[in-house]
Amino acid sequence: MLHGTRKSAWRRSALLVIAAVLVMTVMAACGKKDEGTGTTFKGAGEGTVIATYKDGKVTEPEFDRYLGVFNIMQPGYEQVLAIPQFKEQLLQQFVSYKVLAGQATEENVKKAGEETDKQMKDFEKALKENADLKKSLDDKKVTNADVKTYLSLMLVVVEHMNSQVTEDQIKAEYEKNGGNYNPVTVRHVLVTTTDPSTGQEKHKPEEALKLAKEAKAELEAGKSWDEVAKKYSEDGGSKDKGGLYENANAGDWVEGFKKAALEQKVGVIGDPVETEYGYHVIKVEKRDVKAYADLDEKTKESVKSAVAYEHMNTFMKDEMPKQDLKITLPKPSASPDASASPSPEAT
C-alpha cells in the first residue's frame with residue numbers, strides 16, 4: 001500500500017518503463033526519424049494525419065495502435081481516453097517518444113531490442129496462461145506485433161536517456177539523496193482515511209488520527225507490534241508481520257512516509273505521520289548508509305535511473321517548447337467531464 005499495487009512480471013516491467021518517461025506534458029517535438037529502431041507502429045504512413053512536428057507526423061491508425069496497447073497496460077484509463085485533454089496529452093507524449101527514439105544510437109537500439117525480446121517472451125507466456133489477457137487483446141484488436149513495437153519504443157527511449165548519464169552524475173545524486181537508495185527497516189501501523197480499492201472514505205481524518213494515537217500509546221505501554229498491528233493496521237502488506245518492512249528502499253515510498261523513514265530517530269516510536277493513505281505510527285528499526293564505493297550494481301542502476309529521469313525532465317522543459325507541434329485530433333461528439341480524472345503523469 002505504501003507504493004502501489006504489485007503487477008505481474010511482464011506488466012510491472014512495462015509500467016516501470018512508462019513511469020520513467022511520463023514526466024511532464026510535452027509542448028512540442030523534433031528529431032530524426034525512428035526508422036530501423038523497431039519503434040514504428042503499423043499504419044504510420046496511412047490514414048488521417050493528426051499531429052505534425054518538425055521532422056515527422058502521426059497518423060490516426062498509428063496512434064490508435066499505440067492507444068490500444070496503452071489500454072492493455074493501463075486498464076484503469078480506458079474510460080478517460082474519451083476526454084479530449086487526456087487524449088491530447090498522450091498524443092503529445094507519443095510524439096516525444098518518437099523523437100527520442102530517433103535520437104538513439106545503434107547501441108541503444110541493440111540493447112533495447114534484447115530487452116524487448118525478453119519481455120515479449122514473458123508476455124507471450126502470460127498470454128497463453130491468461131485467457132482474460134488474450135480476450136482483452138482480441139477485443140481491442142491489439143496484436144503481438146503492436147505490443148512489441150510499444151515495448152521497443154519505451155525501451156529505446158529509456159536506453160537513450162540512460163546513455164546520457166555519467167558516472168560523476170550518478171555519484172553526485174547518491175551523495176545528495178543517498179537515503180533513497182539504502183535499505184531501511186521499519187515497523188508501522190496504518191489507519192486509513194480512504195479505502196484504496198474503492199476510493200470510499202474509511203475513517204474521517206480526525207477519527208483516523210485518534211486511532212493512530214491509541215495504537216502508539218499501546219505500543220509505548222509495552223504491547224507487541226504483532227498485537228497492535230493486527231488490531232489497528234489497515235496495511236495488508238504488513239499488518240500480519242507486526243507492521244514490518246525489512247531492508248526496503250525508502251525512495252520507493254510515498255513522500256511523508258519516506259521522510260519519516262529517513263529522518264526519524266532510530267528505535268523511537270514517532271508521532272502519527274499523515275500521508276495520502278491516512279495516519280502511520282512508525283518506528284525505524286535500522287537505517288544503513290553505504291559509501292558510494294561500496295554500492296552494488298543493482299543499487300547503482302537505481303541511482304542511474306533517477307538521474308536519467310532528471311535528464312528527461314530537462315529535455316521536456318528546455319528542448320520541446322522550441323519545436324512546432326501541431327495537433328488536429330478529431331473533435332468528439334461529447335466531452336466528458338475531466339475534473340475528476342487522472343492525468344497521464346499519475347501512472
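Our coupling estimate for segment 84-96, obtained by passing each phi through the Karplus curve with A = 6.51, B = -1.76, C = 1.60 and θ = phi - 60°, is x, 4, 5, 5, 5, 4, 5, 5, 4, 5, 4, 4, 5 Hz, Gly and Pro reported as x. For LYS121, the lysines whose Cα falls under 19 Å of its own Cα, not counting residues fewer than eight places away in the same chain, are LYS7, LYS110, LYS111, LYS134, LYS135, LYS148.
Solvent-accessible area of segment 178-241 (1.4 angstrom probe, protein heavy atoms only): carbon and sulfur portion equals 49 percent.
Under the criterion of Cα pairs below 8 Å and six or more residues apart, the relative contact order for segment 232-287 equals 25 percent. Over segment 88-214, Cα pairs under 8 Å with separation of 6+ residues give a relative contact order of 26 percent. When both segment 171-212 and segment 218-275 are represented by their alpha-carbon centers, they are found 8 Å apart. Against the criterion of solvent-accessible heavy-atom surface with a 1.4 angstrom probe, HIS311, HIS280 sort, most first, into HIS311, HIS280. Rounded to the nearest Hz, the phi-derived 3J(HN,Hα) couplings of segment 306-323 under the Karplus curve 6.51 cos²θ - 1.76 cosθ + 1.60 (θ = phi - 60°) are 5, 5, 4, 4, 5, 4, 5, 4, 5, 4, 5, 6, 9, 9, 5, x, 7, 9, where x marks glycine and proline.
Amide hydrogen proximity for THR194: with H placed 1.01 Å from N in the peptide plane, the residues at 5 or more positions away or on another chain lying under 5 Å are LYS202, HIS203.
Farthest towards the positive end of the charge dipole of segment 51-111, among the residues LEU100, PHE86, GLY68, is the Cα of LEU100, using unit charges on the Cβ of Lys, Arg, Asp and Glu. In order along segment 191-196, the Karplus-derived 3J(HN,Hα) couplings, from 6.51 cos²θ - 1.76 cosθ + 1.60 at θ = phi - 60°, round to 10, 7, 9, 9, 6, x Hz, and Gly and Pro are given as x.
Close amide H partners of GLY43, meaning residues 5 or more places away or on another chain with modelled amide H under 5 Å apart, do not exist here.
The values are calculated or read from the model by the stated rules, or taken from the named source; none is laboratory data. If you're wondering where the values come from, they're calculated on a predicted model, not measured in any experiment. Please note: Cβ atoms are built from the backbone with ideal geometry, for glycine as well, and neighbour counts cover all protein chains shown. Surface areas here come from the heavy atoms of the whole protein model, side chains and all, with no ligands, DNA or RNA. Shrake-Rupley method; radii C 1.70, N 1.55, O 1.52, S 1.80 Å.
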